[in-house]
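Written out below as structure tokens is the structure these notes cover.
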Amino acid sequence: MEQYEELLAAIQPAQGGREIRDVATGEVIGRAPVEGVDQLEAAIARTTAAQPGWDAVGHAERSRLLHAAADAVEQHAEALARLLSREQGKPLDGPNARFEVGACSAWLRASADTVLEPQLLVDDESGRAEQHFRALGLVAAIGPWNWPMMIAVWQFAPALRMGNAVIVKPSEYTPLSVLALVHVVNSVLPDGVLEAISGDREVSAALAAHPAVAKVMFTGSTRTGSSIIRSSADTIKRLTLELGGNDAGIVLEDADPAAIAEDLFWGAFINTGQTCAALKRLYVHNAVYDAVVRELTAVAARIPMGPGLEEGNLLGPVQNQAQFEIVQRLVESAKASGATIASGGTPLGGTFFPITIVTDIADDSELVQQEQFGPVLPVIRYDDVEDAVAMANAASVGLGASVWSSDRERALQVASRLEAGTVWVNSHGGLHPMVPFGGVKQSGYGLEFGVEGLKAVSASQIIRS
Ligand code: NAD
């Protein structure tokens, strides 16, 4: 508790700011600074002044400091997880708050250990050509509210590793957890290399458009992504855009419903469904449809939902009222269209919405076509796998997808035909710090993680000699 109170005291403004409440209980947790363009300009001045020195210290020192940052996160893990749980709503246990803080240190260490060496391209009678990877300068890291700390690390750790300075802009729904994380990481970094600006959408837009920013790493909605593309045009900024998804899963007729039910469940409902690359529409062959629905609803019935700080809960509330209303509207529209609510369907109070499995639903219904981003899964029946592939690929977005089958070769063949940045077989959503992640179509462009992720936050320079 002592560390928790210390962290909160360190990140709150001396006066004013916006009240942030525990999502589950409504209790005030603390106040977040609401900074404007003056504070943004000051942060830009500090980071641009610090960046050349940071670049000059070299990879070995930056790598050492990123490991030290991971140590600091681990030393504050429980306090960070408590704050995240209260502010975001996700429980402490399961693939939630403690897991997210663990991922922060894992991704910091992966950025520290990944190596992007200069490459010798040509060395012959025509001369010598080498490709080097230089720092870009100042990187803006703009994030969402669903996995706020982990996504902030995904953005700032590789950027720092490559010698860039970074300004992080957390979502206005979850500023405290990200400010606390940046505070802890900054206990080991030189001044001015990593800064956070906490404010509303206007300050975020000003950061994204600022001429001093060389690159914007953005994770959030497709609509905001479009706006960032427009504002990047004047100064030709580099962009990595991880945007919305509407991931499809296809269960083939030879899948074993009992064996896959638990993984299907977590593929859809990790973080109470508020995950970019979660299963958001499930196409199930007629031969196993009823059994899959029965097994899925049985898992749903035994996974506890409740306030995050109560140990044992594995699902929490929807993070904010606006998202809760989207979820509720889509469920009501599915009901009105004649679909069956196989489990859940009725709000539980506050922004708690039960795990809701919707069956006998048409593919053209709103709940299937729009990203629900909450604890609801439409299950669509199909007879011919060609139809399932066509329906999966009809979306304008393509972040992830999955194929579920007892026949690996057949699953791989279907997987190769799906339009998505990642396709999983018999699982959905698992990520690894060395495996590139990114979307196709309107889910964005650019890759994160591993060597590709380091390339994305550097400028290629060819030296010919
Ligand atoms: P959002 O786009 O509303 O907000 C994201 C961030 O952008 C916030 O920090 C916000 O302040 C800022 N912002 C808003 N308007 C801006 C503007 N005009 N210019 C610059 N910044 C602006 O998204 P959200 O509601 O926080 O997140 C949910 C969405 O994010 C979902 O669609 C989800 O699928 C997507 N998401 C994608 C990934 C991924 O990796 N692809 C991961 C998590 C979430």
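The values are calculated or read from the model by the stated rules, or taken from the named source; none is laboratory data. Owing to the predicted nature of the structure, the values given are computational and were not obtained by experimental measurement. Note that we place each Cβ from the backbone using ideal geometry, even for glycine, and neighbour counts take in every protein chain shown. Ligands, DNA and RNA are stripped out before the accessible areas are found, and what is left, the full protein with its side chains, is counted by its heavy atoms. Shrake-Rupley method; radii C 1.70, N 1.55, O 1.52, S 1.80 Å.
When ALA152, ALA159, ALA206, ALA196 are checked against the criterion of being open to solvent by 20 Å² or more (accessible area, probe 1.4 Å), more than 9 Å from the ligand (Cβ to nearest atom) and touching a residue at least 12 places away in the same chain (Cβ under 8 Å), ALA196 stands alone in meeting it.
State whether the residues of the range 159-168 include one that is within 22 Å of SER221 (Cα to Cα) and among the basic types (Lys, Arg). For the range 159-168, residues within 22 Å of SER221 (Cα to Cα) and among the basic types (Lys, Arg): absent. One residue stands out in the range 431-465 among those that are open to solvent by less than 70 Å² (accessible area, probe 1.4 Å), β-branched (Val, Ile, Thr) and in contact (Cβ under 8 Å) with a residue 60 or more places away in the chain: the one that is nearest to the ligand (Cβ to nearest atom), namely VAL457. Residue count for the range 240-252 under the criterion of being under 21 Å from PRO158 (Cα atoms) and more than 7 Å from the ligand (Cβ to nearest atom): the result is 2.
Residue count for the range 411-428 under the criterion of being away from the ligand (no atom under 11 Å from the Cβ) and either free of Cβ contacts under 8 Å to residues at least 12 places away in the same chain or of a type in the set (Gly, Ala, Ser) (or both): the result is 6. Across the range 222-239, which residue is farthest from the ligand (Cβ to nearest atom) among those that are without any contact (Cβ under 8 Å) to a residue 40 or more places away in the chain and open to solvent by 50 Å² or more (accessible area, probe 1.4 Å)? The residue in question is ILE236. The one condition from (1) in a helix (DSSP H, G or I); (2) in contact (Cβ under 8 Å) with a residue 60 or more places away in the chain that ASP387 does not meet is (2). Could you tell me whether any residue of the range 331-344 is outside the structural domain of SER221 (by TED's automatic domain parsing), closer than 23 Å to ASP22 by Cα and either in a loop (DSSP other than H, G, I, E, B) or within 24 Å of the chain's Cα centre (by Cα) (or both)? Scanning the range 331-344, I find no residue that is outside the structural domain of SER221 (by TED's automatic domain parsing), closer than 23 Å to ASP22 by Cα and either in a loop (DSSP other than H, G, I, E, B) or within 24 Å of the chain's Cα centre (by Cα) (or both), so the answer is no.
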